[in-house]
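Step one of this worksheet: look at the structure below.
The values are calculated or read from the model by the stated rules, or taken from the named source; none is laboratory data. These figures come from a predicted structure and were not determined experimentally. Note that we place each Cβ from the backbone using ideal geometry, even for glycine, and neighbour counts take in every protein chain shown.
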Amino acid sequence: MGYRISCLLMLAVFAACSAERTHDSLDSAVKAAGSSAKDILIIVSKSDECHACSQLEQNVLTNAAWNPWRLYEVVKVDMTEALKKSDPERWQGGRQLQARYGARWFPVIVLTDSRGLPYHIGGYNEASAEEFFRTLEERTRERRPELAALLAKATNGAKARVALTRLREWGVDTAYHQLKALAMGGSKDPEYAVELVDYFTALGDLSRRDQWLRVLETGWPQVWRDTLVRQGVDEIEKTEFERFEWKQARVKLERLLERKPAGAAASRLHAALGEVAYQLRERTTCIGHFTRALETAPPGSQRDSIADRLRYLQSQQF
């Protein structure tokens, strides 16, 4: 009995110490890693809904053998509904970490260098604490030096693409990794700048998004207009479309026409206007917009999808 009590006390002490050494945010971990020369381990879970997250907590995170702090600064966010109510800022931080590293599953396990650049992104397969930590150590030993060499060589856009090829093989071809490489060529290549605009939009960093929009506006006005139109359509589809507010959606979409988009952006906008007209049962207007969408669509899946939709609409009376 006394032995069991001692063990329980030891586990409680371990849990308390672990909490003290675990960061709530990546910024805090990066700051600590700068002085400790450690890499960073990020864990984002949702233990109230995710079985694998519960197993991770039970098998690893509360196991006395689990001791990652000698190698890593640790960030842990358990995105439970209780956390969402008690600490919404921290809960939102978990979502931002998922967006940052392009991981939409639970639990998310990320290993990064001291700056937050990832070299491993994965999940949990119900391994023991020892097996799980051994896997992390192997990833660090195998990939960490190569990551540093890859980034050191990525001094321009062409070399950055070579580095990204290797990163894709690791399964860490994420937006944040691209940010590091693409920022070096973004001011010379509109495709790079567009990717950065999309990245900062997803992350919710509107000031940096606007910075790269200004790069596009100055250097490539048409690409800038197309990007604004595409993002505008995305936002309308997430708001007015979801609420079935078709007339309000039309007003906003028609304003985007004033930007005179071209190519894929014009096609996307006309397709959205066509869907609005379909919902309002305006057959001639609907088919007109989808015809325009097909005319402006580049070859590929987008064009094929619009062609299929147009054929269907032409066969219907509404």
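Taken as a whole, the structure leaves Pro107 outside the set of residues that are at pLDDT 90 or above and within 15 Å of His23 (Cβ to Cβ).
Taking the conditions exactly as written (farther than 20 Å from Gly122 by Cβ, assigned to a loop (DSSP other than H, G, I, E, B) and at pLDDT below 90), does Ala19 satisfy them or not? For Ala19, the condition - farther than 20 Å from Gly122 by Cβ, assigned to a loop (DSSP other than H, G, I, E, B) and at pLDDT below 90 - is not met.
Out of the residues in the stretch 30-50 that are assigned to a loop (DSSP other than H, G, I, E, B) and of a type outside the set (S, T, N, Q), state the one that is nearest to Trp91 (Cα to Cα). Full working, then the answer.
Taking the stretch 30-50 as the starting set, the residues that turn out to be assigned to a loop (DSSP other than H, G, I, E, B) are 37-38, 46-50.
Applying the additional criterion that residues be of a type outside the set (S, T, N, Q) yields 37-38, 46, 48-50.
On the way: Ala37: 27, Lys38: 25, Lys46: 10, Asp48: 13, Glu49: 15, Cys50: 16 Å.
Among them, the one singled out is Lys46.
When each of Trp69, Trp105, Trp91 is tested for being assigned by TED's automatic domain parsing to the domain that holds Thr22 and touching a Gly at 6+ places or on another chain (Cβ under 8 Å), the lone residue that passes is Trp105. Lys46 meets each of the listed conditions (1) under 16 Å from Leu111 (Cα atoms); (2) under 25 Å from the mean Cα position of the chain (by Cα); (3) touching a residue at least 40 places away in the same chain (Cβ under 8 Å) apart from (1).
The set of residues from the stretch 79-113 being among the aromatic types (Phe, Trp, Tyr) and in contact with a Cys (Cβ under 8 Å, 6 or more places away or on another chain) comprises just one member, Phe106. Taking helices (runs of 4 or more DSSP H) as the structural unit, those lying wholly within the stretch 124-240 and holding at least 3 residues that are modelled with pLDDT of 90 or more and among the charged types (D, E, K, R) correspond to 129-153, 206-219, 221-238. Consider Cys53 against the criteria (1) in contact (Cβ under 8 Å) with a residue 60 or more places away in the chain; (2) part of a loop (DSSP other than H, G, I, E, B): it satisfies all of them except one. Which criterion is unmet? If we test Cys53 against (1) in contact (Cβ under 8 Å) with a residue 60 or more places away in the chain; (2) part of a loop (DSSP other than H, G, I, E, B), just (2) comes out false. Among the residues making up the stretch 56-83, those that are loosely packed, with under 14 Cβ neighbours inside 10 Å and assigned to a helix (DSSP H, G or I) are Gln58, Arg70, Glu81, Ala82.
Assessment of the stretch 140-147 against the conditions (under 21 Å from Ala52 (Cα atoms) and of a type outside the set (A, V, I, L, M)) yields no matching residue.
Step by step: first the residues of the stretch 241-275, then only those that are among the acidic types (Asp, Glu) and in a helix (DSSP H, G or I), then the one that is surrounded by the most Cβ atoms within 10 Å (Cβ to Cβ). Which residue is that? Restricting to residues being among the acidic types (Asp, Glu) and in a helix (DSSP H, G or I), the top hit is Glu275.
Looking at the stretch 30-50, which of its residues are closer than 21 Å to Phe133 by Cβ and out of contact with any Gly (no Cβ under 8 Å at 6 or more places or on another chain)? Before you say what the answer is, go through the steps one by one.
Filtering the stretch 30-50 down to residues closer than 21 Å to Phe133 by Cβ leaves 32-33, 36-45, 47, 50.
The answer is Ala32, Ala33, Ser36, Ala37, Lys38, Asp39, Leu41, Ile42, Ile43, Ser45, Ser47, Cys50.
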